[in-house]
1. Here is a list of conditions, (1) away from the ligand (no atom under 12 Å from the Cβ); (2) surrounded by 18 or more Cβ atoms within 10 Å (Cβ to Cβ); (3) of a type in the set (A, V, I, L, M), and residue 199 meets all of them except one; can you say which number that is?
2. Here's a check for you: in the stretch 107-141, which residue that is more than 30 Å from residue 271 (Cα to Cα) and assigned to a strand (DSSP E or B) is farthest from the ligand (Cβ to nearest atom)?
3. Of all the residues that make up the stretch 77-106, how many are surrounded by fewer than 14 Cβ atoms within 10 Å (Cβ to Cβ), closer than 25 Å to residue 151 by Cα and not β-branched (Val, Ile, Thr)?
4. Does residue 266 satisfy the condition of being surrounded by 13 or more Cβ atoms within 10 Å (Cβ to Cβ), more than 18 Å from residue 188 (Cα to Cα) and more than 16 Å from the chain's Cα centre (by Cα)?
5. Within 16 Å of the chain's Cα centre (by Cα) and among the polar types (S, T, N, Q): which single residue out of 142, 74, 84, 89 fits that description?
6. Hey, could you check the stretch 66-76 for residues that are near the ligand (Cβ under 8 Å from one of its atoms) and of a type in the set (S, T, N, Q) and say which is surrounded by the fewest Cβ atoms within 10 Å (Cβ to Cβ)?
7. Among the residues of the stretch 201-226, which ones are out of contact with any Ser or Thr (no Cβ under 6 Å at 6 or more places or on another chain) and assigned to a loop (DSSP other than H, G, I, E, B)?
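Every number here is computed from the coordinates shown, using simple stated rules; none is lab data. Everything numeric in this text was worked out from a predicted model, so none of it was measured. Here the Cβ is made from the backbone with ideal geometry for all residues, glycine too, and neighbour counts use every protein chain on show.
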Amino acid sequence: MLRRHNYDLIPSSEITSESIYHERRALMKLGASAAVLAMASPLSAALAFQKQKSSLDLTPFDLVTSYNNFYEFSVDKEGPAKLSKHFKSRPWTVAIGGEVQKPQTLDIDAIIKKIPLEERIYRLRCVEGWAMVIPWVGFPLSSLLKAAGLTSKSKYVEFETLFDPAQFPGQKQSFGTIAFPYHEGLRIDEAMHPLTILAVGLYGKELMPQNGAPIRLVVPWKYGFKSIKSIVKITLKEHQTRSTWNEVAPNEYGFYANVNPAVDHPRWSQARERVIGKFFKQDTLAFNGYATEVAHLYKGMNLRKFY
Ligand code: MTE
């Protein structure tokens, strides 16, 4: 069953009109989570979500799935949706290893069947200065990590995207900006934080390739580049992990990458953001609006140095 969690401190009933909320709850109660994903017709999901109201307006499905950053497909925003139509997200396994008690390789459908899915409505803030609000479907990363068994050496978590140039045209270009496969990492307390999820869907439907099918990370208080897509490997490490954009330009993209309106990117301000689908810019919030939940993780750290 899908559990609904909203971490914006606004009751769900304020975000979604009551009738739509109950309609959707009914849909979500239909059965096993995988079945729900399969059964939610594109139309019913789209209709329900288009009527959202409130301060946290959902970015329309069409924009969430057509304006993307996914360099493995293309460096253009429209490229990933167009070039990913034949992407094969099955069969798919995720290998969990490194500093864990029980290294394991899990089939994506076995994960989806076993772990209860939840809906999480989160803001997404890209380091480039644009933002969206996305209703993800997923589960806390902590549940996978706990199952693998952490040790005293599990201090960081590294994630890796699939490397398959036959499917990812961007990976064929050896002269490209970034070295593939894409890597990202979190400190263990960030990884275990209840806001950190692995998403397998959005808008009640299975994740589309351009959004990182079949499974991607979502860390809502960090710039979007931390939220690595199409994950095949999760490795627990004792020391700080790789981070692709941090390796490309360490003075521009930090390992932490916490959304911080007070620390500008060297080439542009981070104080405001352009909300995709809206006309006016808005102020960017510290930790992307999740300071109450996560600021304590960085107590005593100089956030200008550890940007
Ligand atoms: N993951 C991989 N493997 N490759 C990428 O190019 N781009 C990142 C992140 N994850 C990226 C990635 C960036 S910069 C952002 S802003 C988000 O994905 C965008 O996610 P979305 O397209 O689903 O909105």
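1. For residue 199, the exception is condition (1).
2. Our first condition is that a residue be more than 30 Å from residue 271 (Cα to Cα); within the stretch 107-141, this holds for 107-118, 139.
Going one step further and asking which of them are assigned to a strand (DSSP E or B), we end up with 107, 118, 139.
Details: 107: 20, 118: 18, 139: 17 Å.
Top of the filtered list is 107.
3. Total meeting the criteria: 2.
4. On the way: surrounded by 13 or more Cβ atoms within 10 Å (Cβ to Cβ): no; more than 18 Å from residue 188 (Cα to Cα): yes; more than 16 Å from the chain's Cα centre (by Cα): yes.
Here the answer is no, as residue 266 does not meet what is asked.
5. Values: 74 fails: within 16 Å of the chain's Cα centre (by Cα); 84 fails: within 16 Å of the chain's Cα centre (by Cα); 89 fails: within 16 Å of the chain's Cα centre (by Cα).
Being within 16 Å of the chain's Cα centre (by Cα) and among the polar types (S, T, N, Q) holds for just one of 142, 74, 84, 89, which is 142.
6. This residue is 69.
7. So the first thing to find is which residues in the stretch 201-226 are out of contact with any Ser or Thr (no Cβ under 6 Å at 6 or more places or on another chain), and the list is 201-207, 211, 215-216, 220-226.
Scanning the stretch 201-226 gives 203, 204, 207, 215, 220, 221, 223.
Here's the yes/no breakdown for (1) in contact with a Gly (Cβ under 8 Å, 6 or more places away or on another chain); (2) of a type in the set (D, E, K, R); (3) in a strand (DSSP E or B); (4) without any contact (Cβ under 8 Å) to a residue 60 or more places away in the chain:
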| residue | (1), (2), (3), (4) |
| --- | --- |
| 143 | no, no, no, yes |
| 185 | no, no, yes, no |
| 199 | yes, no, yes, no |
| 228 | yes, no, no, no |
